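Working notes for the structure below.
The values are calculated or read from the model by the stated rules, or taken from the named source; none is laboratory data. Please read all numbers here as calculations on a predicted model, not as lab measurements. Cβ placement follows ideal geometry from the backbone for every residue including glycine, while neighbour counts extend to all protein chains displayed. What goes into the accessible areas is simple: the full protein's heavy atoms, side chains included, and nothing from ligands, DNA or RNA. Shrake-Rupley method; radii C 1.70, N 1.55, O 1.52, S 1.80 Å.
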Amino acid sequence: MIKICCIGAGYVGGPTMTMIARKCPDIRVDVADINAERIAAWKSDKLPVFEPGLDEIVREVRGKNLFFTTDVDSAISDADIIFISVNTPTKTYGYGAGSASDLSYVESCARRIADSADGNKFRVIVEKSTMPVRTAEVIRKIFTSRGRNFQILSNPEFLAEGTAMKDLENPDRILIGGDDSCEEGRRAIDALVSIYSRWIPKEKIITTNLWSSELSKLTANAFLAQRISSINSISALCEATGADVDEVALAIGSDSRIGSKFLKSSIGFGGSCFKKDLLNLIYLCDHFGLPQVAQYWRGVVEMNDFQKSRFCANVVESMFRNIKGKRLAIFGFAFKEDTNDTRESPAIDICKLLLSERAKLAFYDPKVSPGQICSDLGIDEKDSRVEFCKSACESAKGADAIIVLTHWKEFRELDYSEIIKQMNKPAWIFDGRNCLDHRLLIELGFLVRGIGKGNLS
Ligand code: NAD
Ligand code: UGA
């Protein structure tokens, strides 16, 4: 029986291993993490990660061939394939702070693998985390210095939160980088291909050299983020000229060379990875003596910051340059719909700016807890400037404005004709996701502002 171990039970490790366990009932999968609370949650009815479809599959395979544990060393010791799926955040200290990736978690895994897995067995170590290009070299040096000749593969993950289970079941591609110049390297690549090919057509499995694979992951995220910054830059021009950004997106996206996906203008991209991976790419360009290339990508991050501050300026400007003491209903706090993740959510910067203007914020997010919101904003739950509501309608009661920050489906289905009755007049809606029916809202009496829509009312 093949045994797989995954170090890191986060948003990637948990769902990815759950899918492998489901598709490969004959393989034992152990997911190990040093965070005991997280592991306890994976073993409970309330999983630490909210993903549509995840609960059902975990229930189906947990305890059969999928196991969660804090005993990292035992999980490593007899595994044939070991995935490293730990966090690779932006470094916050020392050399490269604010830009380079903090590889301390990856390095500690590599050392632990070298110590816990004896060298007698053929073992494949898989980089599942997003790594700076040439990280495999670092891992290899740690192994060889400790007498281990394990094979290293790069197998970056492309799932998006909120659609993780669908993405894992039916990915656009699987990317495997390895060293096919030697017999053992080819054997490692074949071993991983044979796992994925149980449910993914062979033509979707791309094999490359290690460095191409590592760099492709950073590049994919940079390209996706760049599209959002590009359309957001145009949204500012739309507001100045009377064009409508959704119409422009439709017109340009119909060109098959451009394509229609990732052209939804918004308050800016969030999530744990786009900014981190862009910063890492920028760091690498500077490091390799390519300041012009670094500057090109820096623009994508700068445009994202500009979009968030522009949105807040619009709120303040529209509400007569004064939001002090006004109640603002905050619809959504997660960085996107269908997730409880708030990492780098644009809502964080936006709410901080609104609080600095002394507004009162009434929050409602279907999946994010008050504790999480307070920790992200650096405030106390008892702070008199904030309130946490059980529904969107409750947060809008007595509010001067509704600020839509996350694209949750339920916000599109509310009865705004009832909501406006409970609000202060004039009643504003700032739709930071362009997800509501603006024409209808104007008919109901709302003053509506979207992104890239000019002054609607
Ligand atoms: P996460 O923070 O949710 O999970 C990482 C886990 O690793 C944590 O639970 C942490 O306790 C654990 N960990 C850290 N060091 C450890 C160690 N030495 N031993 C055991 N466990 C350890 O992170 P994530 O969102 O799952 O991301 C993981 C990687 O995947 C990152 O490199 C990220 O860039 C990449 N990625 C993330 C996504 C996403 O949607 N979140 C998608 C694609 C790729
Ligand atoms: C993104 C990528 O889509 C995944 O392929 C990648 O694996 C992952 O990052 C990662 O490496 O972590 P994710 O951040 O989960 O996935 O979600 P996205 O759907 O990409 O959304 C990112 C942000 O961009 C969200 O804040 C979303 O609201 C915003 N967005 C997305 C827009 O503003 N407009 C769009 O058209 C699309």
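Table for the structure above
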{"item": "Residues listed by number, the range 349-373, amide nitrogen under 14 Å from Val316 label point at 7 Å toward C-beta", "result": "350-360"}
{"item": "Cβ crowding within 10 Å averaged over residues, with 273-280, 147-154 ranked highest first", "result": "273-280, 147-154"}
{"item": "Residue-normalised accessible area of the range 245-387, given per residue in Å² at a 1.4 Å probe", "result": "47 Å²"}
{"item": "In Å², nearest 10: area of Met423 left accessible to a 1.4 Å probe", "result": "10 Å²"}
{"item": "Whole-Å distance, taken between Cα centres, linking the range 348-420 and the range 221-238", "result": "26 Å"}
{"item": "√(5λ) per eigenvalue of the Cα gyration tensor, the chain, largest first, Å", "result": "43, 24, 20"}
{"item": "Alpha carbon centroid spacing (whole Å) that separates the range 28-93 from the range 187-215", "result": "22 Å"}
{"item": "Antiparallel bridges, percent of DSSP beta bridges restricted to the chain (to nearest 5)", "result": "5 percent"}
{"item": "Computed magnitude of the charge dipole of the chain (debye, nearest 20; Cβ of K, R +1, Cβ of D, E -1)", "result": "340 debye"}
{"item": "Cβ crowding within 10 Å averaged over residues, with 188-197, 360-369 ranked highest first", "result": "360-369, 188-197"}
{"item": "At R0 = 30 Å, FRET efficiency that the Cβ-Cβ distance of Arg59 and Lys121 yields, to 0.05", "result": "0.40"}
{"item": "Alpha-carbon centroid distance for the pair the range 300-346 / the range 150-168, whole angstrom", "result": "30 Å"}
{"item": "At R0 = 41 Å, FRET efficiency that the Cβ-Cβ distance of Asn170 and Arg385 yields, to 0.05", "result": "0.40"}
{"item": "Prolate/oblate/rounded label for the range 90-161 (Cα gyration tensor, a/c 1.5)", "result": "oblate"}
{"item": "Candidate aspartates and glutamates - alpha carbon under 20 Å from Lys46, same-chain residues fewer than 8 apart omitted", "result": "Asp30, Asp33, Glu37, Asp55, Glu56, Glu60, Glu161, Glu337, Asp338, Asp341, Asp365"}
{"item": "The range 318-377: Lys pairs at Cα distance under 13 angstrom, eight or more positions apart or on different chains", "result": "4"}
{"item": "GluC sites (Glu not before Pro), loop per DSSP, at most 12 other Cβ atoms within 10 Å - longest free stretch of the chain", "result": "1-380"}
